[in-house]
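Notes follow once the structure below has been shown.
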Amino acid sequence: MTLVDILEHLDRTEEPALTADGFDDCVIGLAYQFNQPLLVYSKQKIITQLMKDMSEEDALEYFYFNMAGAYMGESTPLFMEDLDE
């Protein structure tokens, strides 16, 4: 399921969910918490994408401070640790 598929599903059901701009290819699913839909992103995919423009250390710092550490309300996306890798 792609981000477009997920957003179309949410649009049909009129459920809001926030996205992480520029990381569409990093979406791996949709979760629900207290009936609130939340987009689920791959932490590793995000860091890999960030490393195209910065060092691994800077990518990790950016991810933890600006993404994982950000609360944007009930619809804040989830970031999943990739246990396979």
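Summary of values
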quantity: Solvent exposure ordering (accessible area, 1.4 Å, most first) of Leu7, Leu39, Leu83; calculated: Leu83, Leu7, Leu39
quantity: Fraction of accessible area attributable to carbon and sulfur, the range 2-75 (%, probe 1.4 Å); calculated: 50 percent
quantity: Lys/Arg +1, Asp/Glu -1 at C-beta; the chain dipole; positive extreme among Thr76, Met54, Val27; calculated: Thr76
quantity: Rg/Rg_globular for the chain, with Rg_globular taken as 2.2 N^0.38 Å and Rg from C-alpha atoms; calculated: 1.10
quantity: Long-range amide H partners of Leu18 with built H, under 5 Å; calculated: Leu39
quantity: For the chain, size of Cβ-based charge dipole, Lys and Arg +1, Asp and Glu -1, in debye; calculated: 160 debye
quantity: Cut-off under 5 Å, modelled amide H: who pairs with Gly29 long-range; calculated: Val40
quantity: Relative contact order of the chain, defined on C-alpha pairs under 8 angstrom at six or more residues apart (%); calculated: 31 percent
quantity: Per residue solvent-accessible surface (Å²) - the chain, probe of 1.4 Å; calculated: 69 Å²
quantity: Choice from Tyr62, Tyr71, Tyr41 showing the highest fluctuation, given a GNM over the chain with Cα pairs closer than 10 Å; calculated: Tyr71
quantity: Rounded to the nearest 10 Å², the accessible area of Glu57 at probe 1.4 Å; calculated: 140 Å²
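The values are calculated or read from the model by the stated rules, or taken from the named source; none is laboratory data. On a predicted model such as this, the values are computed, not experimentally measured, just so you know. Glycine also receives a Cβ, built like all others from the backbone with ideal geometry; neighbour counts cover every protein chain displayed. SASA here: full protein model, heavy atoms, side chains in, ligands and nucleic acids out. Shrake-Rupley method; radii C 1.70, N 1.55, O 1.52, S 1.80 Å.
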